1. If I model a spin label as a point 7 Å beyond the Cα along the Cα-Cβ vector, how far apart are those points for residue A:274 and residue A:66 in nm?
2. When N is the residue count of the range A:134-292, what does its C-alpha Rg come to as a fraction of 2.2 N^0.38 Å?
3. Per residue Cα convex hull volume for the range A:413-547, in cubic angstrom?
4. Restricting things to alpha carbons, find the Rg to Rh ratio for the range A:270-423 using the Kirkwood radius for Rh.
5. How much of the calculated P(r) for the range A:83-216 lies past 27 Å, in percent of all Cα pairs?
6. Give me log10 I(q)/I(0) at q = 0.13, 0.16, 0.20, 0.23 Å⁻¹ for the range A:155-240, Debye formula, one equal scatterer per alpha-carbon, no solvent.
7. Extension gain residue B:74-residue B:51, at 0.36 nm per residue separation less the Cα-Cα distance, in nm?
8. Provide the gained length on full extension for the span residue A:304 to residue A:286, in nm with one decimal, where the gain is 0.36 nm per separating residue minus the Cα-Cα distance.
Ligand code: HEM
Ligand code: SF4
């Protein structure tokens, strides 16, 4: 894992003390709210519906058990005992008191955590595949490059005041678990004809009120040019991005208005005009950072040891959990374990202090002390021995953390919605809970198979509804909560935007409508076909017909 | 951010030091429940209410604004719209948190809020435009 150097630690410590000063001056009235607001936003402090909200960065979604314990401590001491993991692999606390936040941040700094680059018009916390370093088919560990981008972008003088926020995601393999196609810049590691690793560069993706799937502007970029090329992208954006209208300021609008080809040419021109290799990764630097992410020393273990196979045969609950929540590891004898934060009846992505501590402890005992946060708001233990899986599962079950639903209909992404968010039109969390309740029966969920439901409480799309296999968007209809459904969205390597199925549904109707869509799928699917595949084969018509049959 | 909709209004804000939702009372205190809030019917009186509140924006509260209320038979106001009901109580999905947690103990309103029904309490179309939000 990346460890701070002295420089990082000094920056973070300075920021805490600076912010402490600023908070004091605000509390004494020396600073007005107008003066203070940009300062608090630079430190991740928002004002929400009920209270302040603090967003803490989890770079590329990687946490140590020690850091997780600190988050649990923060939840208990500074909040109301829980936190919310977000779609950008961060964590939010919903109730901290402003007067306590400097102390809170000082505690976080002890474990190399902070809230820098979690808000404002800067290059935000870079996200990455949660299976980074352990995915079976990976070209390279994407976190190395996420970290390089982080170091380059943190407090970058030229890019601290961009036209709008800027989000970057990196995946190390063809399979995309990081939703790179809906980011301002998405980087996908690939190889050229000679087998040299590099990046496919995607630009101009995003969600919000204008959803766009990113366009590839360079099919292959050699690794060492990563920063100079990104710098060129940002320079073009910084010069031409619209600052006059916040709704049009994202890079996706610029790419759309000039066209991806022209945008690519502009970047290329800017890039080639840079002093030769000005920003190329110096020799040694890449290796230095790679060393932080060096794989652990794995034991020499057989794949699928007998005890593991036996428990799968004898314990159907375990078998089901393995099927949904356990993924293939690159190393024989090891496995990747997903810990669902979508227990039925919970709030998607929420974890209590006790749960955080339990996961930290299990990570120490079974997973080399490392934890990942997924953009689908779950946690991942990346390095578990297959021979330990049965015991790990029992302990997770004991903590209520073994819901066997990853990738299934109850593994829902939901934004905070009207329960917490001041911009919301409608609630998201209770809709997710009602869907979970309706599809409580895990056998039924497993029969339905992969189905990603994503819910946003307003058009800002924090809940990724545009890329849900079934997307649910809260709208306001004459003062009532109303929900518009889309189908056919996807955030993976074959990304697509969902299409609206038709008129929306009231709060009390929306779960029935989702069930009707599922029924339409079940009636039409061919053997082995997932929801999205049936939609892609047949289009929206059979779904529409069933949904609006009664009209 | 004065609301354009007609009808009675009160002023709410968040307390500066800890963010708790508060309401301006007739005697210029900041109470934690809306039933203690001062309210006004006429736009001019509402403007005056807001100005009284803004005088506290230095060291006491953050971002005061007017919101629609329905005065009850006893003259105490209640928030009309879902978002303000939510602020007054706490998250609908966590009845154990926020102000509703204490109300529950007092069994004050006789019933634990039925959030399903509250949904239909009618928010004016203007609120569809995100109100006093901030850039994320
Ligand atoms: C509760 C407070 C939150 C507020 C008020 C808020 C607000 C916003 C706003 C205004 C946007 C649109 C920005 C734009 O179009 O440029 C946005 C986008 C987004 N937010 Fe949030 N957000 C909140 C919480 C969250 C949470 C909890 C998550 C994760 C679950 C999240 C993830 C995202 C994502 C992924 C986007 C899409 C970015 C894009 O446009 O591509 N936000 N949010
Ligand atoms: S999608 Fe809308 S309601 Fe949901 S968190 Fe984002 S801004 Fe709030």
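1. Those two pseudo-labels are separated by 3.4 nm.
2. 1.00
3. Values: hull volume 13.2 nm³, N = 135.
Looking at the range A:413-547, the number lands at 98 Å³ per residue.
4. My calculation of the ratio gives 1.11.
5. 26
6. Scattering profile of the range A:155-240, log10 relative to I(0): -0.42, -0.63, -0.95, -1.18.
7. Extra length from residue B:74 to residue B:51 when fully extended: 5.7 nm.
8. Answer, rounded to one decimal: 3.0 nm.
Since every read-out is calculated from the coordinates, none of them should be taken as a lab result. Quantities reported herein were computed from a predicted structural model and do not represent experimental measurements. For neighbour counting, all protein chains shown are included, and Cβ atoms are generated from backbone atoms with ideal geometry for every residue, glycine included.
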